[in-house]
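Notes follow once the structure below has been shown.
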Ligand SMILES: [Zn+2]
């Protein structure tokens, strides 16, 4: 005793319609949740970025203050001065920082160079200006150092000067 087709068909249509409606609602809900989630994530990351910037600034100030207290000093030998600047540079590297050349203002790496007549070497700012490696400074004592953010790495073809120097 099966029921006649017309009713069945009507029920089926109605059901299908409801299903479609439900699916439409469902996808709308999902979509709006996705958008809300995206906004939340962006806001969270934005807040995190601000917090990191604050921390980064505190770190920079702390390092800068410590270095300022050491300005005008020399450790008395090239080896000791080199060890000092290498320690400073490693610290700066860890925090994405560079020293600011106090002659031209470019971001630089602090080094100790040999110079005749200067037993403990000289402190120089090592940087690339207009594509050329340049040294500024040259005091026999640690200069007063300002810190700057490390500039973004320049995109250059890997077969550059380094390859030629090596061969
Ligand atoms: Zn310079």
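Structure data summary
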| read-out | value |
| --- | --- |
| Leading residue by the ranking (nearest to residue 149 (Cα to Cα)) among those in region 102-112 that are assigned to a strand (DSSP E or B) and within 14 Å of the ligand (Cβ to nearest atom) | 107 |
| Residue match in region 115-123 (condition: within 16 Å of the ligand (Cβ to nearest atom), out of contact with any helix residue (DSSP H, G or I) (no Cβ under 6 Å at 6 or more places or on another chain) and assigned by TED's automatic domain parsing to the domain that holds residue 145) | yes |
| Selection status of residue 72, on the phi > 0 side of the Ramachandran plot, modelled with pLDDT of 95 or more and surrounded by 10 or more Cβ atoms within 10 Å (Cβ to Cβ) | yes |
| Check on residue 58, in a loop (DSSP other than H, G, I, E, B), away from the ligand (no atom under 16 Å from the Cβ) and at negative phi | no |
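The values are calculated or read from the model by the stated rules, or taken from the named source; none is laboratory data. Quick caveat, the model's predicted, so the values are computed rather than measured. Methodologically, a virtual Cβ is constructed for each residue, glycine included, from the backbone with ideal geometry; neighbour enumeration extends over all protein chains shown.
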